[in-house]
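Student: For reference, the structure I am asking about is given below.
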Amino acid sequence: MRAMIVAATALAISVASLMAGSAQALTVQGRVLKGEGHEPTSGVPVSLHVVNGTEELPGKTATSGAKGEYRFDGLAADPHLSYFVSTEYEGAVYTEGPVEPAANGIASQDLTIYDVGREIAAVHVTNHHIIVERKPDLLQVTEIVVFENSGKTAYLGTGLNHAENAGIRLGLPASVKEFQPGMGGDPQSVRVQGRDLASLRPIPPGTHPFSFTYNVPISGRMDLSHRLYFPTAKFVVLIEDPDLHLESASLRYAGQREQNGRKFELYQGADFPIGAEVTMRIQGAGFWSNPKIYPWVAAPFVILATLIFAAKRGRGRIAGDAGSVGTVRATEAMRFGAPTEPAPRTSRPPPLPDDDFATIYLFLIDALDRGLERGEFSKESHALVRGSLKRRLEAILSDQPRAGTR
């Protein structure tokens, strides 16, 4: 009886383990289709990409079969993992994902490929929307660009520096910070170099949205000008803050618009050709709008006050030392009976020598370095003030007479 109970228990544990293992298994499958007719295509390599957060883990590869099918079995159903599939055809990369599994643990995702051409005349932008939201020390900008390819081939043109082929290309503002791709893009396929954005993905036939976000530091005059590489039917800018005003020779003010319970100032333009420059400058933030400039503005006054205080202390110390020397000399004269002469009247104390100022500057530089380690101010403020102090210190040291020996 005991042996039967042990065997039944072991069998139950084995079945439970198998069921748990099957519940954790995930399958990604689909077909490779070609053109507007979605014809199954064989012999096309398909890659599976496994992503954990921002880290890409080792994936798998397969080749489409006679009916265009591909399949990846035995994948971990981990909520922290995302799965993407991609293929390359005629130099163009096609990516889909993250794939979503059904209740049975199977995720189906087809890949559609196209013959590749450079018919730029078939590609245009139907809508280009820019949404500007104001934060304490920056503007958060979201751009949504809708591309339409009326041709029968996927467009793939010349990318940045003619080094790579690119589908989508756009000129960005000069001061873009913390760029993040959105719909239709990913960090692996989107390149930002200087004022140019390019996507390595082609623009297939049909309508395709493309979005991204970035930040612009607040200043008195912020330039958001764009260069357009495709004909653009409609260009719209929405600004959330009514205190900000857009100056543009390309767009006109069209009043206010309410979206999702929020009011925006609306600017728009239409029918821009290839290579057009949409000039946009935002004013109204003011010089004092960005709190990050406060340490930079206050730093020179703090340095000046410190130097004045140190100079006064240095003069007081020199005067005190001179008085002490006079007292000692008078005492010595009385001890030896020497006749004493009235002390000559002295004029203003001598100025603080340059080597004391050099010591002060060294002290300030050291204090700045320590403050940076404690996180009292930013690296930008530290670099600005430290550079100024260092240049002044070098000037003082260069003016000092050199000694006869080294």
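Bear in mind that the values in this text are calculations on the coordinates, not laboratory data. A quick note: this is a predicted structure, and the numbers were derived from the prediction, not measured. Reconstructed Cβ throughout: ideal geometry from the backbone, glycine too, with neighbour counts over all protein chains shown.
Student: Reachable lysines from residue 379, Cα under 26 Å, same-chain residues fewer than 8 places away excluded?
Tutor: Correct list for residue 379: 135, 177, 292, 390.
Student: Using each residue's phi in region 81-98, evaluate 6.51 cos²θ - 1.76 cosθ + 1.60 at θ = phi - 60° and report the 3J(HN,Hα) Karplus result to the nearest Hz, with x for Gly and Pro.
Tutor: Running phi through 6.51 cos²θ - 1.76 cosθ + 1.60 with θ = phi - 60° gives 9, 10, 10, 10, 10, 8, 8, 10, 9, 6, x, 9, 9, 10, 10, 9, x, x Hz.
Student: Per-residue HN-Hα couplings for region 149-162, Karplus 6.51 cos²θ - 1.76 cosθ + 1.60 at θ = phi - 60°, whole Hz, x for Gly and Pro?
Tutor: Couplings: 10, 8, x, 9, 10, 6, 8, 9, x, 8, x, 5, 6, 6 Hz.
Student: Still on this structure: With a bin width of 10 angstrom, please list the P(r) values of region 129-173 as percents of all Cα-Cα pairs, from the 0 bin to the one holding the largest distance.
Tutor: Per 10 Å bin, starting at zero, the Cα-Cα P(r) for region 129-173 comes out as 20, 35, 28, 15, 2 percent.
Student: Whose amide H sits under 5 Å from the amide H of residue 110, counting only residues 5 or more places off or on another chain, with H placed in the peptide plane?
Tutor: 31
Student: What FRET efficiency comes out for the pair residue 61/residue 392, r = Cβ-Cβ distance, R0 = 60 Å, nearest 0.05?
Tutor: Plugging the Cβ-Cβ distance into 1/(1 + (r/R0)^6) gives 0.45.
Student: Can you give the Rg and Dmax of region 170-262 based on its C-alpha atoms, in angstrom?
Tutor: Computed over the Cα atoms of region 170-262, radius of gyration and Dmax are 15.0, 43 Å.
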